[in-house]
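As structure tokens, the structure follows; a few thoughts come after it.
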Amino acid sequence: MKFDLLSRILTGEANAEEKEQFYLKLGDNKASEQMFYEIKSLWLRSSLHKNNIDIDSEFDILCNRIIQPAKQSSYPIWKRAVQYAAIILFVLIIGGLSGYLLSNINQKYADSGVQKNSSLKGSVSIVEFGDGTKVWLNSGSQLNYSEDHKGKKRIAELTGEGYFEVAHDAEFPFFVKAGNIMIRDLGTTFNIKAYPGDKTIETSLVEGKADIISGKGNSAVTLKPGDCAIYYNENKRIEIKPIVENVLSAWRDGKFVIRDQRLEDIFKEISRWYDVEIRFENQKLKDYRYTGIIKKSTTSQHVLKMLKLTTKFNYRIIEKPAEPDVIIVY
Amino acid sequence: MFEPTLNLLDCKRDRFRDIFHEYFQPLFHLSLHYLEDEDESKEVVQEAFIRLWEIRQELNPDSNLRNFLFTLVKNNCLNILKRRQILLKHHERIKRMEMHYQFESLSGLGDDYMEFKELREKIDLAIQNLPEHCRVVFELSRFEELKNREIADKLCLSQKTVEAHLTRALKILRIDLKEYLPIIALIAKILN
């Protein structure tokens, strides 16, 4: 084991190259692996008395969560906890007990030469094509891919959300069809969000150049890196806005990023990820706005609980064995 | 050593609060070390206490709370690490390797982790017995949470020297505390 690297690994100061070098070596040798675990454990134990956590307020939060199911009580801690909860805007949560599983890519080669890829609800899959093009597919998305050798085109048809890293080939351009629009890559990394039922199709260009082509085949807009084109299905208008970088990468890292979004839109995302149906009984709630980051590796009930901490709404869940559960918000 | 059991707990909120105060910190420390995310770590520990509260009446009066909480937190952290590994499946090889070692080292961590009071004395003693320079560097790194660079500046040493001291301190501690470290059964796993 390279001991000089070890100290940097433990303090978290090693760079990517050093990490790779260290961990690869470690895998080669059982004795040094053993030693690494021992020293890591020693490192962990030696700092046990460090403490900068406010345990009292943590206890208040706990009490609040324990009491919640049993309606309101006059318990004084409850009051304080609610005040505390109300100021939480930035919510990070996790539920280790959640039962869903992430699934792998479901890949099929159809006879027609169309390659079908889909990502099940609650999972992110990655598709790599022979030409080096890589596509991340968000939960509940589908991508059909075919090569038109006559017309010298690569055509991908997207339903849902995908992040594309296209291996550019001027001789063999790459097109993505999403709803009513078509995106032509000119050497590109981009993200397209086109879920059926959404009012817009969003194309965000990270790198390179891309054209958005309208139904008639005319090049409607040329995007520059950092641009996000929002296409409104209803009036077929396109609006260009700057990308919110954080949001783009977050879904690939398994997070929901909520930036001043309406509850209705947030719930749409939640229902895609957890495969649940969400209905509003109280229409006013739809327009409530939130900001925060939520890790997806939790249960839908947990997300609801967290959102509930800052707003007054209730929900009930109707479990359906054969179909998605229905969550009613009121 | 005092063994907290559930018959003492038995719905009494004060007792529950005591238990919370006693174990929150070490459990949080444990999850933070492995998850490296404060909010997520707090949540894991909160979950464990909620679970404890929910099943307080069903638990055997002789149950060892310490081990119960430790096991819950450990398993939840392992689940999270596993899930992160899956999410990283197709990219970022380095992160994946890192995660693999995090997972393995946590899953091999003995439940004696929670017997920290005893262990703490042993560790403190071993640290006090380190050669002067090693001790100072180790303490600054571990307890003041200074970066190697910052320690180097503070003590007017080169960064290399700081790292050498740190490494030496670890080597000595490992030998001094040999019998208190977990015996980790290694299962060879191929990283794919």
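Structure notes:
- Among the conditions (1) within 30 Å of residue B:44 (Cβ to Cβ); (2) out of contact with any helix residue (DSSP H, G or I) (no Cβ under 8 Å at 6 or more places or on another chain); (3) aromatic (Phe, Trp, Tyr), the only one that residue A:290 does not satisfy is (2).
- Residue B:172 modelled with pLDDT under 85, β-branched (Val, Ile, Thr) and within 21 Å of the chain's Cα centre (by Cα): no
- Some residue of the range B:53-64 being assigned by TED's automatic domain parsing to the domain that holds residue B:13 and modelled with pLDDT of 85 or more: no
- Residue within the range A:268-276 that is under 22 Å from the mean Cα position of the chain (by Cα), modelled with pLDDT of 75 or more and part of a strand (DSSP E or B) present: yes
- Residues within the range A:113-129 that are polar (S, T, N, Q) and surrounded by fewer than 19 Cβ atoms within 10 Å (Cβ to Cβ), tallied: 1
- From A:224, A:153, A:216, residue being at pLDDT below 80 and surrounded by fewer than 16 Cβ atoms within 10 Å (Cβ to Cβ): A:216
- Residue A:13, sole failed condition from (1) in a helix (DSSP H, G or I); (2) facing chain B (nearest Cβ under 9 Å); (3) modelled with pLDDT of 80 or more: (1)
- When the range A:119-141 is limited to residues that are aliphatic (A, V, I, L, M) and over 12 Å from the mean Cα position of the chain (by Cα), the one that is farthest from residue A:173 (Cα to Cα) turns out to be A:120.
- So residue B:132, is it modelled with pLDDT under 80, exposed (fewer than 14 other Cβ atoms within 10 Å of the Cβ) and more than 7 Å from every other protein chain (Cβ to nearest Cβ): no
- Just one residue in the set A:34, A:21 is more than 23 Å from residue B:41 (Cβ to Cβ), at pLDDT 75 or above and within 7 Å of chain B (Cβ to nearest Cβ); that residue is A:34.
- Qualifying residue in the range B:181-189 (condition: outside the structural domain of residue B:64 (by TED's automatic domain parsing), over 22 Å from the mean Cα position of the chain (by Cα) and at pLDDT below 90): yes
- Counting the residues of the range A:188-210 that are closer than 13 Å to residue A:231 by Cα and assigned to a strand (DSSP E or B) gives 8.
The values are calculated or read from the model by the stated rules, or taken from the named source; none is laboratory data. All values derive from a computational prediction rather than experimental measurement. Every residue, glycine among them, receives a Cβ derived from its backbone with ideal geometry; neighbour counts consider all protein chains shown.
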